[in-house]
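Read the structure below first, then the notes.
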Amino acid sequence: MKNIFYSVFVGLFVVVGCQSEPRKTVPEVPLVAAPTKVVAPKKVAANAATILSKKEVPILCYHNIRDFNASASGNVKVYTVKPPAFAEQMKTLADEGYETILPEQLYNYLVFDGPLPAKPIMITFDDTREEQFSIGAAEMKKYGFKGVFFIMTVSINRPGYMSKEQIKSLSDDGHVVGAHTWDHHMVTKYTGDDWNTQLVKPKAKLEEIIGKPVTDFAYPFGLWNTAAIPEIKKSDYKMAYILATKRDSVDPLHTIRRIIVSGTWSIEGTMKAINSSFIKSE
Ligand SMILES: [Zn+2]
């Protein structure tokens, strides 16, 4: 033990010493123990303009995955994808070489120029529906895909919605659990204690369920305003997700764009939308 400590100490001394006065004190010891982390450069975070100029990673947003018939309302058709269509979409993404990424990788790409796969995509689910677990995650598993599940905490354990155990199991399987408020009221209407009820408490509840930090938030209906962003940040959300509207010029990390995959889209239409809905380059 003594020898190891001695080597580390002397090694450190050598590395530090070499930068200023290299010839003065160089004892005859091997350099193997010198920790390389000491000289790693500090990363510089990108500013808003740089983030906005980057190629966007396509992000899909799903709600219900179940059957519906031709007479269903327009709303149902937009917010619902039939199980065979969802399966076909996952298979097509895999066949075309897409690889799913998760928020941490997106953040590192946007802020620190971190690496991405050749064809990155993020797959997200809003509103806690049970079939997102039983059909969504099961289909994704066939291709090694991981997604982000935005949970509104009021719905947990209700019929048709995910249970605590299912949410925990998604997290344990490597999916990301994000927050989607307590009861889906739009953030543009919050006053007083609403911020605590809709942003702070749901985060704590989800963290208690999964045993990990919750760092991502999806705005109900994709609706946001500039008054909400400081509250979202204060509540310790690193990133927040809107729908296909324009990002905020000051805070693009809290206005990350997604598209809803409509139940009326063909597979060709879906792939076309993925290709055309996101900024391609700077
Ligand atoms: Zn929602």
Q.
Accessible area per residue for region 56-277 in Å², computed with a 1.4 Å probe and the full protein assembly in place, what is it?
A. 43
Q) Summing Lys, Arg as +1 and Asp, Glu as -1, what charge do residues with Cβ under 14 Å from the Cβ of residue 197 carry, residue 197 excluded? A) 0
Q. Going down the list 141/164; 203/246; 42/168; 54/82, which pairs span over 28 Å between their C-alpha atoms?
A. 42/168; 54/82
Q) So, counting K/R as plus one and D/E as minus one, what does the shell of residues with Cβ under 11 Å around residue 173 add up to? A) +2
Q | Fully extended contour minus Cα-Cα distance, from residue 271 to residue 119, at 0.36 nm per residue | A | 53.4 nm
Q: Provide the net charge surrounding residue 210, with neighbours chosen by a C-beta distance below 12 Å and charges set as Lys +1, Arg +1, Asp -1, Glu -1.
A: 0
Q: Measure off, as a whole percent, the carbon and sulfur share of the 1.4 Å-probe accessible area of region 56-277, all protein chains present.
A: 53
**Q.** residue 178 long-range amide H proximity, modeled H, under 5 Å
**A.** 149, 150, 151
Q. Near the amide H of residue 124, under 5 Å away, which other amide H atoms are found, from residues 5 or more places off or on another chain, if H is placed in the peptide plane?
A. 60, 61, 62, 148
Q) Sequence-distant or interchain residues sharing an amide H contact under 5 Å with residue 241, placed H: which? A) 217, 218, 219, 256
Q: Decide, for region 56-277, between rounded, prolate and oblate: order the square roots of the alpha carbon gyration tensor eigenvalues as a ≥ b ≥ c, take rounded if a/c falls under 1.5, and otherwise choose prolate if a/b is larger than b/c, else oblate.
A: rounded
Q) How many nm is it between the label spots at residue 185 and residue 169, if each spot is 7 Å from the Cα in line with the beta carbon? A) 3.3
Q | Integer Hz, Karplus 6.51/-1.76/1.60 couplings in order for region 240-252, x for Gly and Pro | A | 9, 10, 9, 10, 7, 8, 6, 6, 6, 6, 8, 10, x
Q | region 58-72 - phi-based ³J(HN,Hα) in whole Hz, Karplus 6.51/-1.76/1.60, Gly and Pro as x | A | x, 10, 9, 10, 10, 10, 8, 10, 7, 6, 8, 9, 4, 8, 4
Q: Under 20 Å from a label point 7 Å along Cα→Cβ of residue 223: give me every residue in region 171-197 with its amide N that close.
A: 179-197
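The values are calculated or read from the model by the stated rules, or taken from the named source; none is laboratory data. On a predicted model such as this, the values are computed, not experimentally measured, just so you know. For neighbour counting, all protein chains shown are included, and Cβ atoms are generated from backbone atoms with ideal geometry for every residue, glycine included. These accessible areas exclude ligands, DNA and RNA; they are computed on the full protein's heavy atoms, side chains included. Shrake-Rupley method; radii C 1.70, N 1.55, O 1.52, S 1.80 Å.
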